[in-house]
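Participant: Attaching a single structure in structure tokens format; questions to follow.
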Amino acid sequence: MSRPRGYLLDLDGTLISGRRLLPGVAALVAETGGRFAIVSNDAEHTPHELARLLGRLGLVVAAERIVLAGTTAIDLVAQRHPGARVMLLAGPALERYARRRGLRLSTGACDIIIVGRDRRFSYRRLAAAAHAVSLGAKLVLACPDTHHRGPLGEPVPEVGALAASILSCAGAGECEVVGKPEPLLFRLGCERLGLPPQEVVMIGDNPATDGKGAMRAGMRFLHVRPGDFVEGLGAMERKVA
Ligand SMILES: [Mg+2]
């Protein structure tokens, strides 16, 4: 198989764990010679925030090379429904981002609910979201993940768990998923690299999202576990081939 010309890198469990850079990551990223983009189901930060955070950990990445599920979900809704009335279940950074994209944020009546990683999720927010769904509001999930593992192996609630509570309360509702394993983030990542999917390898720790999505997008997939990166890029590429 031909040598990949670019790489899409997952973030959590692949490059970082908690607020720690995983071993070998800085060297491997340098070895790619800049031929990479990060694609993550992160539904809490903007690419600029994440670039700053990674910079503090010692990994210099331009925000333009970071594709995130939360901001992509907002971009998608803003493109399709300019000026829509949106209930955004997410943190302050995504609220500011959504307003800059021209969305009108509401905590009650709305056309669309975007579910991100909302650390302020509450009984009140659940009730408001379920009510809106029962009145016909469409649910857009930044990603389907129900949880990710924290530094001690504990489950940390994610978008899918919040959405499940809304849908279970509302009965049923229309639902769209933006993040991995859906193909959009992979497509956007390849666009940032200026390469077709066949020439790009997805590197990630989750076969259900990174692997399944890569396959759907027509890309090869390399499944990694924390620490695999110390082998270097050449050894990893041989595994893909
Ligand atoms: Mg991961």
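The values are calculated or read from the model by the stated rules, or taken from the named source; none is laboratory data. Note that the coordinates shown come from a computational prediction; the quantities given were computed from them, not determined experimentally. Cβ: placed from backbone, ideal geometry, glycine included. Neighbour counts: every protein chain shown. Ligands, DNA and RNA are excluded from the accessible area calculation, which covers all protein heavy atoms including side chains. Shrake-Rupley method; radii C 1.70, N 1.55, O 1.52, S 1.80 Å.
Participant: List pairs: first residue in the range 47-70 and over 14 Å from D12 (Cβ atoms) and in contact (Cβ under 8 Å) with a residue 12 or more places away in the chain, second residue surrounded by 15 or more Cβ atoms within 10 Å (Cβ to Cβ) and among the polar types (S, T, N, Q) anywhere in the structure, Cβ distance under 7 angstrom, at least six positions apart or on different chains.
Facilitator: P47/T71
Participant: Let me ask something else about it. Conditions first: (1) assigned to a helix (DSSP H, G or I); (2) open to solvent by less than 60 Å² (accessible area, probe 1.4 Å); (3) more than 14 Å from the ligand (Cβ to nearest atom); (4) not assigned by TED's automatic domain parsing to the domain that holds I114. V201 passes all but one, so which condition is the exception?
Facilitator: (1)
Participant: Which pairs turn up if I take residues in the range 180-202 that are free of Cβ contacts under 8 Å to residues at least 60 places away in the same chain and look for partners that are of a type in the set (V, I, T) and not in a loop (DSSP other than H, G, I, E, B) with beta carbon separation below 7 Å, at least 6 apart in sequence or on another chain?
Facilitator: Pairs that qualify, where the first residue is free of Cβ contacts under 8 Å to residues at least 60 places away in the same chain and the partner is of a type in the set (V, I, T) and not in a loop (DSSP other than H, G, I, E, B), are P181/T209.
Participant: Restricting the search to the range 130-151, which residues are crowded, with 22+ Cβ neighbours inside 10 Å, part of a loop (DSSP other than H, G, I, E, B) and in contact with a strand residue (DSSP E or B) (Cβ under 9 Å, 6 or more places away or on another chain)? Spell out how you get there, then give the answer.
Facilitator: Narrowing the range 130-151 to residues crowded, with 22+ Cβ neighbours inside 10 Å: 132-133, 137, 139-143, 145.
From what is left, the residues that are part of a loop (DSSP other than H, G, I, E, B) are 137, 142-143, 145.
Within the range 130-151, A137, A142, C143 meet the criteria.
Participant: Return a yes/no flag: does the range 212-233 have any residue that is in contact with a Leu (Cβ under 9 Å, 6 or more places away or on another chain), open to solvent by 60 Å² or more (accessible area, probe 1.4 Å) and within 16 Å of the ligand (Cβ to nearest atom).
Facilitator: Yes, there is a match, as at least one residue in the range 212-233 is in contact with a Leu (Cβ under 9 Å, 6 or more places away or on another chain), open to solvent by 60 Å² or more (accessible area, probe 1.4 Å) and within 16 Å of the ligand (Cβ to nearest atom).
Participant: Tell me which residues, restricted to the range 183-192, are within 12 Å of L8 (Cα to Cα) and either within 16 Å of the ligand (Cβ to nearest atom) or crowded, with 20+ Cβ neighbours inside 10 Å (or both).
Facilitator: Restricting attention to the range 183-192, the residues satisfying the condition of being within 12 Å of L8 (Cα to Cα) are 185-192.
Passing the criteria: L185, F186, G189, C190.
Participant: If a residue must be within 11 Å of V230 (Cα to Cα) and open to solvent by 30 Å² or more (accessible area, probe 1.4 Å), how many such residues does the range 25-37 contain?
Facilitator: Matching residues across the range 25-37 total 2.
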